[in-house]
Amino acid sequence: TLPTGCYRTATITINPTPPLPGGPSALCVGAHITLTESGGGTWLSGSTGVATIGATTGNITGMATGTSNITFTSAAGCPVTTTITVSLSPTAITGPSGVCAGAAITLTDTVGGGLWSTVSSSASVGSLSGIVSGSGSGSAMITYSLGSGCTVTKSVTVSAAPAAILGSTTICVGTTTPLTDATTGGTWSITPTTTGTISTSGVVTGIAAGTAYVNYTIGSTGSLPGCSVNDTVTVNTAPTVIGGPASVCQGATIIETNGTGGGAWSTTSSNISMGSTSSPSCTITGINAGSAIITYSIGSCTVNRTLLINPSTPITGSTGLCVHNTTILSDATTGGSWAITPTSTATITGSGTVTGVSAGAAIVTYTTTAGCKTTTTVNVSTTPSAVTGLLHVCVDGTITLTDSAAGGVWSDITPAIIFLGSSDGLVTGLHPGTQLITYSLGTGCSVNVTVTVDTPPAAISGTMSVCPGQTTSLSDVTPGGGWSSGTPGTATVDSRGVVTGIAAGVAAISYLPVSGCAATANITVNPLPNNITGTTTVCEGMTTTLTDTATGGTWSTGSSATATVGSATGVVTGGTAGTAIITYTLPTGCAIATSVYVNTAPVAITG
């Protein structure tokens, strides 16, 4: 209107103001919300650095914390404004995406101050800690919420855990133990491998003394680590291999050793006995033939060895013998070898025959093929020497036996054949036959000899006297014998029994047949007369007297025509010229002769 009062008019259309947009009034950075409005119009963010909005869609995206006025302008040009608050949003949750039942994992978010939660029955989560504990297989959605209401989620897979590991968890170095798990399909691992190793089937091998940790894992796929169960295996020091002989003889002793100290020896066998059982060495004595297992233990770690106990049977047979005699020893274990010492006392053959050499004791050793030795002592006693003396005696005759080993006793078996002096060895023949005579020393050693009692031959027949230089014939009806003279200086005898007188005296002439007994005859050799004395020449018709100092004899002539002699006087009378043998004969028949020469006498003197 002008002052003049003039005015002009117009019509104003008042459009309705749009209602406040529908939808949330807050969102998180990076989140989206949608505002709605009836009728067409456009949307505009007053602070696009905080939030942006689709001009025609109403879709808002949180860009940064703060507030932004969002204006909706209707098609009529009427605006309406609402304020949107953009709050801080959690970052992506970090941590494992899987957990095993009965185990726990920790989830984290770089934006602190939030709360953790889950509605899953498979896991629980600490609201402040973010520790997720598996309780059953399945999946769990874990949410991290800030006070602004901004959240972030993570899906965690909960896997079933393996069953408990079963098996012995104590082993020795160098030995094994099998571990098992009822949950199949897993993998085994062990740490440290310097203490022990484990196979794919769960067999643990002890490497060095110490503790090793065994892990059994199942369900390891992709980024999921798999579930595992753990156990501890203790590896103890193992004894070294038992050293020493692998066999022992019955009754003998060996020493077994082990280089690892601190252990103890044991056996369950009654075939051996043990000395010290807590030393690195052990004395073992064989008791019964067979075998035995010996054990050396350090804690639960043991090492075994099988010992062979070889038989050592005793030597049997007589162990007493005499010098030069034998005894046979034997052993039930065949195939062994014999030895004896000293060999100056006795010797032994490969078959066990012992021969006495000298008095004393000798040690006999029998060694089996397994090397087992059995010994015994052989006592060798002095043996009498060979008996000396005649071994034939005649009935009623005597002989004396002797032995250089003094102090013994003589004995026989059948005293009807001989009579024996037990101390002097004098044997008297009683009856024809043979007799074993024994000479025994106090040692029990003896020597035997056989004496034959022979039957004497028949008596010698013939003239039992002879003169020196003359002969007489003897005979015996027992054939096959031989003649001998006991005093060949008095008389001799030839193989025919012809005795020749040698000198005055008595000679024992014996006839010895093959029986060994002699018949004896005493032959008297009578003395010859003494030498004839006197003149041994005489003339025809003349006489000479001969004499002999041996009295009692008679004179005779061998040629009475040449000379005659007085038988008692010895007066020789010459007959015819020639030589006459004049003999002087004693009553024993022994004679001596001389020649007397008869000379021719001259004829009568004439004139």
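Nothing in this text is a laboratory measurement; each read-out follows from the coordinates by a stated rule. Keep in mind the model is a prediction, meaning the values are calculated, not measured. All Cβ positions, even for glycine, are placed from backbone atoms using ideal geometry, and neighbour counts span all protein chains on display.
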Taking 56 Å as R0, compute the FRET efficiency from the Cβ-Cβ separation of Thr450 and Ser281 and round it to 0.05. 0.30
Sketch the reach of a paramagnetic label on Asp396 as a point 7 Å from Cα along Cα-to-Cβ, and name the residues of the stretch 459-474 whose backbone nitrogen lies under 18 Å away. 459-461
In a Debye calculation with equal point scatterers on the alpha-carbon sites of the stretch 498-540 and no solvent, what is log10 I(q)/I(0) at q = 0.18, 0.26, 0.32 Å⁻¹? -0.68, -0.94, -1.11
Looking at Val538, Ser465, Thr94, which one has the Cα that reaches farthest to the positive end of the dipole of the chain (charges on Cβ: Lys, Arg +1; Asp, Glu -1)? Thr94
Inverse mean reciprocal Cα-Cα distance (Kirkwood Rh) of the stretch 459-512, Å: 10.8 Å
Hey, can you grab everything whose amide H is under 5 Å from the amide H of Thr478? Only 5+ residues off in sequence or another chain; H modelled, so Pro and N-termini drop out. Ala458
Where does the longest stretch of the chain lie that holds no trypsin sites (Lys or Arg not before Pro) found in a DSSP loop with 11 or fewer other Cβ atoms within 10 Å? 9-495
Computed over the Cα atoms, what is the radius of gyration of the stretch 395-484 divided by 2.2 N^0.38 Å, N being its residue count? 1.55
What distance in nm separates the simple spin-label points at Ser300 and Thr576, each placed 7 Å from Cα in the Cβ direction? 15.9 nm
Given 4 °C and 1.567 mPa s, how large is the Stokes-Einstein diffusion coefficient of the stretch 1-47 in µm²/s, with Rh as the Kirkwood radius over Cα pairs? 85 µm²/s
Cα gyration tensor of the stretch 1-108, axes a ≥ b ≥ c as square roots of the eigenvalues: rounded (a/c below 1.5), prolate (a/b > b/c) or oblate? prolate
Rounded to two decimals, what ratio of Rg to Rh does the chain give with C-alpha atoms and a Kirkwood Rh? 1.81
Length gained when the stretch Ser291-Asn522 is fully extended (0.36 nm per residue, less Cα-Cα span): 74.2 nm
HN-Hα J in Hz across the stretch 104-121 - Karplus 6.51, -1.76, 1.60, θ = phi - 60°, x for Gly and Pro: 9, 10, 10, 9, 9, 9, 5, 8, x, x, x, 10, 9, 7, 7, 10, 7, 8
Which distance in Å, rounded to a whole number, links the C-alpha centroids of the stretch 129-191 and the stretch 78-96? 37 Å
At 0.36 nm per residue, minus the direct Cα-Cα distance, what do Thr36 and Thr176 gain on full extension? Give it in nm, one decimal, please. 42.9 nm
Counting every Cα pair in the stretch 227-331, what percent are over 24 Å apart? 43 percent
When all C-alpha to C-alpha distances in the stretch 204-270 are sorted into bins of 10 Å, what percent of pairs does each bin hold, rounded to whole numbers? 14, 27, 21, 15, 12, 8, 3, 0
Let me check the size of the stretch 63-172 from its C-alpha atoms; what are the radius of gyration and Dmax in Å? 22.3, 94
Backbone N within the stretch 459-478 under 20 Å of label point (7 Å from Ser495 Cα along the Cβ vector): 472-478
Along principal axes, Cα extents of the stretch 287-356, largest first, whole Å: 64, 22, 18
Taking a crude spin-label model, label points 7 Å out from Cα along the C-beta direction, the Cys6 to Ala508 distance in nm is 22.9 nm
Testing the spin-label approximation: label points 7 Å from Cα along Cα→Cβ at Ser556 and Thr253. State their distance in nm. 10.9 nm
Show log10 I(q)/I(0) for the stretch 486-564 at q = 0.25 Å⁻¹, two decimals, from a solvent-free Debye sum over equal Cα scatterers. -1.15
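Could you give the Stokes-Einstein D for the stretch 279-424 in µm² per second, using the C-alpha Kirkwood radius, 20 °C, 1.002 mPa s?
Value of D from the Cα-based Kirkwood radius: 107 µm²/s.
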